[in-house]
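Worksheet: one structure, shown below.
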Amino acid sequence: MTDTRTALREAAARFAFSDTPRLDAELLLAHALGITRERLLLTLGDHAVPATFAALVERRAAHEPVAYITGTRAFWTIDLLVGPGALVPRADSETLIEAAVDHFADGEGPRRILDLGTGPGTLLFAALAEWPQATGLGIDASDAALGWARRNAVALGMADRVELRCGDWGAGVTERFDLVLANPPYIATDADLPREVRAHEPATALFAGADGLNDYRIIARQLPALLAPAGVACIEIGWDQRDSAAVLFCDAGLSVAVRHDLAGHARCLVATHPAG
């Protein structure tokens, strides 16, 4: 019988296409065992390899995202339910929450939060976990994504603090918010993407026209009327879109700063009213 260390090594070798082959293998084995990855690493020699692990390895070897296989993804301080139809949360997006936390560090925090393109609720629920006094509105054009967001609202005990609505960005929203979050599609249509992303994750959450800026153009027009006078918007951008995206929000009359992710790439536009 294969021991766990050998099983992990062999699985990781099959995941050479991944940026994190060993991590992928550990997450799948922990899932098969019904324990956390941390527990697995602390007790690695105590487990037999479950029969279900082989099937999980085959799915990952076929480039299915790990989060779709396990059904969960950790983000910020929460664990999110995810699956087909929902964009897989990325660690880079935590830059937006970090920027929001810094903005409100000297105050009581936001009372009302808007998440444009909420997907499975990634940014919205992370922010609500950070500020227990806040309530939020999440908007997405995808019924499938909103289905995951509703599951997460219940799983995280936040169903009474959120409204989830199908819509076209901020169209028809008349309220102003203390914090606006957005991770819109920003990939150019002809961009080269990993097979697992292009084949499995929803194209509507990824692609934004020939230059990747189509949705920024819409959000930039809407944002001044959605943002409270002293509020802040944190908007994710692609690593090479700092200038091209920022000018759209500046032209809309907002002041814009840039935050970088852990890799040093421009990742977040922080937009405020000039008097804010």
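Figures for the structure shown
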{"item": "Thr43 paired with His260, simple spin-label distance in nm, labels 7 Å along Cα-to-beta-carbon", "result": "4.2"}
{"item": "Relative contact order, percent, segment 8-151 [alpha-carbon distance under 8 Å, six or more residues apart]", "result": "16"}
{"item": "Label-to-label distance, nm, for residues given as Phe17 and Ala105 (7 Å Cα→Cβ offset)", "result": "4.2"}
{"item": "Centroid-to-centroid separation of segment 209-236 and segment 43-100 [C-alpha atoms, Å]", "result": "29"}
{"item": "Rg [Å, one decimal], Dmax [Å, integer] - the chain, C-alpha atoms", "result": "19.7, 67"}
{"item": "Potential extension, Thr2-Val247 segment - 0.36 nm per residue separation minus Cα distance", "result": "82.5 nm"}
{"item": "Normalised contact order of segment 88-141, rounded percent, pairs of Cα under 8 Å and 6 or more residues apart", "result": "37"}
{"item": "Residues of the chain: accessible area per residue with a 1.4 Å probe, Å²", "result": "46"}
{"item": "Ranking by accessible area, most exposed first, for Thr70, Thr174 with a 1.4 Å probe", "result": "Thr174, Thr70"}
{"item": "Extension reserve of the Thr174-Arg221 stretch, reckoned as 0.36 nm per residue once the Cα distance is removed", "result": "15.5 nm"}
{"item": "Solvent-accessible area, 1.4 Å probe, carbon plus sulfur percent, for the chain", "result": "53"}
{"item": "Percent RCO, i.e. relative contact order, over the chain, from Cα pairs under 8 Å lying at least 6 residues apart", "result": "14"}
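The values are calculated or read from the model by the stated rules, or taken from the named source; none is laboratory data. Computed from a predicted structure; not experimentally measured. With ideal geometry, Cβ positions are generated from the backbone for all residues, glycine too; neighbour counts draw on all protein chains shown. Surface accessibility is based on the protein's heavy atoms, side chains included, excluding ligands, DNA and RNA. Shrake-Rupley method; radii C 1.70, N 1.55, O 1.52, S 1.80 Å.
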